[in-house]
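The values are calculated or read from the model by the stated rules, or taken from the named source; none is laboratory data. Model, not experiment: these values are computed from the prediction. Every residue, glycine among them, receives a Cβ derived from its backbone with ideal geometry; neighbour counts consider all protein chains shown.
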Amino acid sequence: MTTSPTSTFTLDDLAEIVARRATSGDPSSYTAKLIRKGVPQIAKKLGEEAVEAALAGALGRTDDLRGEAADVLYHLVVLLHATGVPLADVYAELERRTAVTGLDEKASRPKD
């Protein structure tokens, strides 16, 4: 396994950029364009990117996976912004879930 350089860029940084660009009105901003298209289109794009990431992982294409994972995270942050869900809420949910074992947490979820 190869190691890659450490980056100081965080999802919080990405969320700040998305928030700024979402309201910029800049016609050349992809983020602003996605926001204008609305939540269903953003969700569709997230789904497409997630499938591409899954396929890259399944096929062992790690270079492709790296790029697709970045696309997934970006589109997820855009969707969170568009729906008014703060990234901090996602962090809190992850923290809550990791306070117990994964199997115990899954067992505690309501059954549909």
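Val51 - would you say it is of a type in the set (Val, Ile, Thr), farther than 20 Å from Asp13 by Cβ and at pLDDT 95 or above? So Val51 passes the test. Pairs linking a residue in region 16-36 that is farther than 11 Å from Val78 by Cα to a residue that is outside any loop (DSSP other than H, G, I, E, B) and modelled with pLDDT of 95 or more, with Cβ atoms under 7 Å and 6 or more positions apart or on different chains, are Ser24/Ala32; Gly25/Ala32; Asp26/Ala32; Ser29/Arg21. Of all residues in region 37-74, those being hydroxyl-bearing (Ser, Thr, Tyr) and free of Cβ contacts under 8 Å to residues at least 12 places away in the same chain number 1. Listed by position, the helices (runs of 4 or more DSSP H) contained in the chain that have at least 2 residues being of a type in the set (Gly, Ala, Ser) and surrounded by fewer than 16 Cβ atoms within 10 Å (Cβ to Cβ) are 39-58, 62-83, 87-98, 102-108.
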